[in-house]
Amino acid sequence: MPLKVWKHIVKLQRGFLWGGATLGRKIAWVRWDKVCRPKSDGGLGIRDLRVVNLALLGKWRWRLISREQGIWRDIISARYGLLYPSPHFGGRPSGSSVEVGSDWFSKGVLKRVGDEGSSSFWFDPWVGDIPLKIQFQSLFQLSDQQLDLVGEMGYRLDLEWHWVFRWRGDLSILEIGLLEALLSAVQTTPLLGVVDSWSWRHDSTGTYSVKSAYMVLSAGSVASDLDSLLALVWKSWAPSKVIVFS
């Protein structure tokens, strides 16, 4: 949503809240960010359109990494190039660079590695919350397998997985210590008979939802003690149109 459109809609919302159907400028007695807080935090529960817009954009990001097919995906690929290896981070796409993700979304997704072979070893957050290329930056720079998938970084022998790393040069003593830490971190091995999949951390079903994303994005504002006291007002049995003037 363009910033100009958002500001115009919020202006209409604020005008109606403080002035009703009458025309003309009215005094806004409370900051808009407080008005948009949940009632439990002392607000009116009005949804912040900026946050709603981000949550809806997150739905498209989820559909991209979930490999859903459709003409919309063909259009995005034609416009921005291949979204490889990691579209939720903006990855390292071929052609024009595009920011298809952001920190809040990246931290909310988790890659579950199976035997399908579509997970990037260094770029996808399949070990913990942070991609291995960030956890082990020096090893990533020395790696000769930067774009390899998880299944290409080793082999299975007698039902046991063995990692194989190739480096551009000899490792120092410090880097050997980092390699041991990397091997300890990647004890999780590809699962036989299970396809690679994404999971959304903030929903019990593991599937992305706009509602859960909105809750995550709006959780950044912490209510003060006064706001906590005001939140108690909403627990009254009086109608909301009476409570708002309490």
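The values are calculated or read from the model by the stated rules, or taken from the named source; none is laboratory data. As the structure is a computational prediction, the values presented were derived from the model and not from experiment. Glycine gets a Cβ as well: all are built from the backbone with ideal geometry, and neighbour counts include every protein chain shown. Note: accessible area is taken over every heavy atom of the protein model, side chains too, but ligands, DNA and RNA are not part of it. Shrake-Rupley method; radii C 1.70, N 1.55, O 1.52, S 1.80 Å.
Length gained on full extension, residue 130 to residue 215: 28.4 nm, using 0.36 nm per residue less the C-alpha separation. Within the set 11/34; 39/211; 34/107; 4/26; 133/211, which residue pairs have Cα atoms separated by over 23 Å? In this structure, 34/107; 133/211 lie more than 23 Å apart at Cα. With the simple model of a label 7 Å out from the Cα in the direction of the Cβ, residue 184 to residue 138 spans 1.6 nm.
The alpha carbon centroids of region 108-176 and region 31-46 are separated by 44 Å.
Charge tally around residue 3: other residues with Cβ under 13 Å, Lys/Arg +1 each, Asp/Glu -1 each, net +4. Ordered from highest to lowest accessible area with the whole protein assembly present and a 1.4 Å probe, 133, 7 read as 7, 133. Between the listed residues 146, 157, 173, the Cα displaced farthest toward the positive end of the dipole of region 118-188, a dipole computed from Cβ unit charges relative to the Cα centre, is found at 146.
Computed from the C-beta positions of residue 145 and residue 29 and an R0 of 51 Å, the FRET efficiency is 0.25 to the nearest 0.05.
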